[in-house]
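The values are calculated or read from the model by the stated rules, or taken from the named source; none is laboratory data. Computed from a predicted model, the values in this text were never measured in an experiment. Positions of Cβ are generated from backbone atoms using ideal geometry, with glycine treated the same way; all protein chains shown enter the neighbour counts.
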């Protein structure tokens with residue numbers, strides 16, 4: 001664990017890998033880190049291997065974290081995470097290219113995408129954009145060599161080990177495999193971001209016989 005100052009009121013915590021980052025992020029959110037009292041952390045922002053902490057007392061945070069053995073912190077309670085189901089039309093412009101990169105058929109890309117649970121590791125890029133990591137790690141593809149200048153909202157993409165859904169029209173370089181009508185960001189909802197860190201996500205093909213109408217949780 002490396003602790004770095006970030007502005008006047010920030011501490012950037014660098015971890016060795018995503019597993020350590022998930023453990024620390026979860027422990028901080030559940031007040032399970034010794035020496036970190038309620039209210040000491042004003043805001044925390046997780047990323048791939050870092051957690052950015054905003055606080056009125058950076059030194060107290062640093063002193064507490066220096067005493068922490070990251071491996072002694074409790075495991076994240078994945079069973080208590082909120083589940084979200086997102087219906088997708090798998091007709092993305094890059095679906096065939098993704099299949100070719102992986103050496104499988106487009107149908108198999110869809111099967112892999114819908115056949116696993118994805119976890120929102122962190123948010124970024126735009127409000128409501130969640131970086132999702134799949135449990136099977138079997139859809140890793142590079143970003144496009146030439147990014148698009150405009151990607152429609154609701155576009156479902158892949159980049160590296162991550163999947164994501166564009167919350168609004170924007171430039172982007174992810175490989176597009178489908179689209180959804182579900183709003184990722186809605187300021188009128190109680191929680192504007194549908195895909196907040198820690199949530200677990202299931203993608204469902206709207207062309208598949210699911211036996212019932214599919215509705216994303218939290219959008220009613």
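Restricting attention to the range 109-123, which residues are more than 11 Å from residue 138 (Cα to Cα) and either outside any helix (DSSP H, G or I) or touching a helix residue (DSSP H, G or I) at 6+ places or on another chain (Cβ under 7 Å) (or both)? Of everything in the range 109-123, those that are more than 11 Å from residue 138 (Cα to Cα) and either outside any helix (DSSP H, G or I) or touching a helix residue (DSSP H, G or I) at 6+ places or on another chain (Cβ under 7 Å) (or both) turn out to be 117, 118, 119, 120, 121, 122, 123.
Consider residue 177 carefully, then state whether it is over 19 Å from residue 47 (Cα atoms), touching a strand residue (DSSP E or B) at 6+ places or on another chain (Cβ under 8 Å) and either surrounded by fewer than 21 Cβ atoms within 10 Å (Cβ to Cβ) or at pLDDT below 95 (or both).
no
When we screen 53, 24 for residues that are assigned to a strand (DSSP E or B), surrounded by 13 or more Cβ atoms within 10 Å (Cβ to Cβ) and at pLDDT 90 or above, the only hit is 53. Here residue 68 meets each of (1) surrounded by fewer than 17 Cβ atoms within 10 Å (Cβ to Cβ); (2) in a loop (DSSP other than H, G, I, E, B) with one exception, condition (1). For the range 180-197, filtered to residues that are in a loop (DSSP other than H, G, I, E, B) and touching a residue at least 60 places away in the same chain (Cβ under 8 Å), the residue that is surrounded by the fewest Cβ atoms within 10 Å (Cβ to Cβ) is 181. Check whether at least one residue in the range 81-90 is touching a helix residue (DSSP H, G or I) at 6+ places or on another chain (Cβ under 9 Å), part of a strand (DSSP E or B) and over 30 Å from residue 34 (Cα atoms), and report yes or no. Looking for residues that are touching a helix residue (DSSP H, G or I) at 6+ places or on another chain (Cβ under 9 Å), part of a strand (DSSP E or B) and over 30 Å from residue 34 (Cα atoms), one finds at least one in the range 81-90, hence yes.
Being touching a helix residue (DSSP H, G or I) at 6+ places or on another chain (Cβ under 8 Å), assigned to a loop (DSSP other than H, G, I, E, B) and on the phi < 0 side of the Ramachandran plot is the requirement here; does residue 76 meet it? So residue 76 passes the test. Filtered by the rule that a residue be surrounded by 14 or more Cβ atoms within 10 Å (Cβ to Cβ) and either outside any loop (DSSP other than H, G, I, E, B) or out of contact with any strand residue (DSSP E or B) (no Cβ under 8 Å at 6 or more places or on another chain) (or both), the range 140-152 gives 141, 148, 151. Only one of the listed residues (107, 99) is more than 23 Å from residue 153 (Cβ to Cβ), out of contact with any strand residue (DSSP E or B) (no Cβ under 7 Å at 6 or more places or on another chain), surrounded by 18 or more Cβ atoms within 10 Å (Cβ to Cβ) and modelled with pLDDT of 95 or more. That residue is 99.
Just to be sure, is residue 154 modelled with pLDDT of 95 or more, farther than 17 Å from residue 99 by Cα and under 17 Å from the mean Cα position of the chain (by Cα)? Criteria met by residue 154.
Here the condition is being under 21 Å from residue 204 (Cβ atoms) and in contact with a strand residue (DSSP E or B) (Cβ under 7 Å, 6 or more places away or on another chain); of 45, 61, 88, 51, it holds for 88 alone.
Would it be correct to say that residue 164 is modelled with pLDDT under 95, buried (at least 16 other Cβ atoms within 10 Å of the Cβ) and under 25 Å from residue 22 (Cβ atoms)?
Details: modelled with pLDDT under 95: no; buried (at least 16 other Cβ atoms within 10 Å of the Cβ): yes; under 25 Å from residue 22 (Cβ atoms): yes.
When the stated conditions are applied, residue 164 does not pass them.
Summed over the range 134-163, the residues that are in contact with a helix residue (DSSP H, G or I) (Cβ under 7 Å, 6 or more places away or on another chain) and at positive phi give a count of 0.
Condition first: farther than 26 Å from residue 192 by Cβ and surrounded by 14 or more Cβ atoms within 10 Å (Cβ to Cβ). Now tell me which residues in the range 115-139 satisfy that. Reasoning before the result, please.
Pass one, the range 115-139, residues farther than 26 Å from residue 192 by Cβ: 115-116, 135-139.
Matches in the range 115-139: 115, 116, 138, 139.
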